[in-house]
1. Residues to consider are 524, 542, 484, 507; find the one that is surrounded by 14 or more Cβ atoms within 10 Å (Cβ to Cβ) and touching an Asp or Glu at 6+ places or on another chain (Cβ under 8 Å).
2. Show me the strands (runs of 3 or more DSSP E) found entirely inside region 444-534 where at least 1 residues are in contact with a Lys or Arg (Cβ under 8 Å, 6 or more places away or on another chain).
3. Residues 235, 277: which one is touching an Asp or Glu at 6+ places or on another chain (Cβ under 8 Å) and in a loop (DSSP other than H, G, I, E, B)?
4. Being crowded, with 22+ Cβ neighbours inside 10 Å, of a type in the set (Gly, Ala, Ser), in contact (Cβ under 8 Å) with a residue 40 or more places away in the chain and not in a loop (DSSP other than H, G, I, E, B), is that true of even one residue in region 114-124?
5. Taking region 506-538, which residues are over 27 Å from residue 344 (Cα atoms) and either of a type in the set (Asp, Glu) or out of contact with any helix residue (DSSP H, G or I) (no Cβ under 8 Å at 6 or more places or on another chain) (or both)?
6. Determine, yes or no, whether residue 186 is modelled with pLDDT of 95 or more, of a type in the set (Phe, Trp, Tyr) and out of contact with any His (no Cβ under 8 Å at 6 or more places or on another chain).
7. Can you tell me which residues in region 248-274 are part of a loop (DSSP other than H, G, I, E, B) and surrounded by 24 or more Cβ atoms within 10 Å (Cβ to Cβ)?
8. Could you list all residues from region 298-337 that are at pLDDT 90 or above and aliphatic (A, V, I, L, M)?
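The values are calculated or read from the model by the stated rules, or taken from the named source; none is laboratory data. None of these values were measured; they are calculated from a predicted model. Note that each Cβ is placed from the backbone with ideal geometry, even for glycine, and that neighbours are counted across all protein chains shown.
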Amino acid sequence: MTNLTAYITGLCLSAAAGLCAGVEPASAQLLEGPGALFLDQTPIEMMASNYSSFETGYLLPRGAVYLQVGSDQTTAGSGTGTEVYTLRGDWAVADWLQVSAFGHAFDDPPLCGTSACAENLTFLAGGGGLKLGLVESYGLSIAASGSLETLYLSGDLYGNEANGNWEMAGSLQLPMSLTVTDSLRFHLTPGVSFLPESVNGVPYYGTIPYVGAGLTWQPITGLQSYATVMLPYGTDGNALSSSGGFEITPVWMAGVKLAVTPKAAVDIFATNGWGQTPATSILAFPGNDEIAYGIRLSYTPWVGVATRDVYFDSYRVDMLSPVTQLEQARQFDGLTLTSANTLTPHRILAEAGIGSRDFMDVHLGFSPDQDLQLDAIFSQYPGGGMAGDAVSPWGDEWAYMVGGKLRLMDQNYGDLFSLAGQVLAGRDFNKPTTGIIYASLPANLDLSDTVSVAVEPKFAAYGDERLKAIGGGVTVRPLRDLTLIGEVTAVLDGGDPVWAGGARYALPNTPFSADAYVTNATGLHGVGTMLAQDEARYGLTLRFAY
């Protein structure tokens with residue numbers, strides 16, 4: 001990627017000459033041998049302390065906080081498949097002590113092949129853990145970790161759908177990591193998961209010992225590939241078989257982690273693992289051939305003590321320049337297309353919209369760091385009136401979508417155009433809920449200070465629907481505070497096109513702006529921008545950005 005190349009070039013320049021007057025290059029940059037690659041990095045760039053629920057022998061540097069949020073899903077079953085949502089936070093209290101908190105949510109049919117597995121199962125897990133550093137010598141890192149967790153299980157599989165069961169669980173692990181070369185590490189992680197023997201009288205997995213192994217290959221700073229496998233033994237099984245009984249299945253994961261900034265990264269991975277907490281990590285998806293594909297965002301608000309003397313907020317070669325008023329205006333999304341730009345770090349965005357046919361929409365955005373934006377969207381889509389083959393996932397119910405956007409290329413710093421990746425996941429609030437996953441690659445090209453064009457491939461999955469579309473738009477600024485926007489999205493596979501046109505006015509010298517628009521889109525964000533109404537809607541959006 002351009003950012004990675006720019007960062008590596010900048011790092012070489014900084015080591016030779018420094019970036020600030022009176023600042024010497026970090027001594028860690030001069031190290032040689034197995035420790036050189038590991039020490040001169042932020043926590044995002046280091047060999048990982050964990051890959052989701054698979055622990056390595058490494059700890060974070062003292063003072064670092066490492067946050068992860070992700071989603072993975074299979075392609076089996078109705079709807080979007082079987083989805084797992086995960087979150088985790090790690091804090092290195094000391095050089096030898098790390099504390100963790102984690103959570104896992106599953107709310108779909110487990111699809112093990114029996115009639116009970118065809119109905120919905122709510123499977124929640126969460127808790128906390130400790131990790132102690134034991135050995136750090138001669139390229140060998142050994143730690144000990146443990147967790148205490150709570151499980152919630154509710155569904156026909158356990159005969160308790162009206163009143164689910166709360167159960168206790170835990171785990172112990174002894175992760176070990178060995179440095180083979182600067183870029184290659186091997187991991188060996190024996191462990192044991194303590195799970196309930198039964199749930200509401202139905203046999204459960206019980207205690208499962210296992211041994212895990214893995215490797216990490218980091219060819220350049222900011223890019224890691226990894227593969228792990230956990231082999232259970234001494235157990236009746238760690239997965240529900242297609243006949244509804246227990247069977248033993250190795251649990252594996254393979255993925256790639258790309259650092260978009262020194263403090264933020266995105267993982268793309270595949271796994272057959274169902275549980276995503278330390279105690280449930282040994283559980284495989286029901287059936288013996290289900291593979292889940294996922295994405296995970298990592299962010300370190302505090303990087304701790306093991307950092308470069310010269311620290312970048314970005315992988316750009318040049319120092320970051322002040323953001324102009326025009327650049328700030330282009331950080332906002334269009335009407336139905338997403339901007340490839342992200343908000344200025346620590347900038348807050350709040351939008352509220354209303355429209356005809358009882359449409360309402362609230363969008364909250366925040367940028368914790370360069371090239372990273374987090375979003376939460378709450379919408380009430382118009383009921384009925386859908387044009388084309390696809391139907392609204394939520395009708396006229398309130399629903400939410402949460403996710404983020406990572407900027408991958410930036411025209412302001414020499415790239416040919418700006419490019420970002422956005423992922424949103426959401427559900428409605430009324431059971432039975434419908435889950436959606438939405439992903440897009442927005443791209444913007446600024447032709448001048450007054451004219452820019454946008455292209456955005458999109459994908460959404462919900463229910464039995466799989467939507468693919470590509471949108472295009474033109475933005476013209478005839479006056480400093482007035483923007484005219486025109487957009488159209490072609491929905492592939494026979495869907496009706498989605499269009500939008502409107503004007504945006506920014507109140508001078510204030511954080512307020514407003515949009516007035518007309519569109520046939522069902523919504524203004526995510527999957528709603530791919531669904532056409534059978535007649536035009538009119539709307540107004542008020543915006544505050546500070």
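1. Working: 542 fails: surrounded by 14 or more Cβ atoms within 10 Å (Cβ to Cβ); 484 fails: touching an Asp or Glu at 6+ places or on another chain (Cβ under 8 Å); 507 fails: surrounded by 14 or more Cβ atoms within 10 Å (Cβ to Cβ).
524 is the lone residue from the list that is surrounded by 14 or more Cβ atoms within 10 Å (Cβ to Cβ) and touching an Asp or Glu at 6+ places or on another chain (Cβ under 8 Å).
2. Numbers: elements: 451-462, 465-479, 482-491, 498-506, 512-521.
Strands (runs of 3 or more DSSP E) meeting the threshold: 451-462, 465-479, 482-491, 512-521.
3. When all the criteria are applied, what remains is 277.
4. No - not one qualifying residue is present in region 114-124.
5. Correct list: 518, 519, 520, 530, 531, 532, 533, 534, 535, 536, 537, 538.
6. Spelling it out, residue 186 is indeed modelled with pLDDT of 95 or more, of a type in the set (Phe, Trp, Tyr) and out of contact with any His (no Cβ under 8 Å at 6 or more places or on another chain).
7. Listed by number, the residues that qualify are 249, 262, 263, 274.
8. 326, 329, 335, 337
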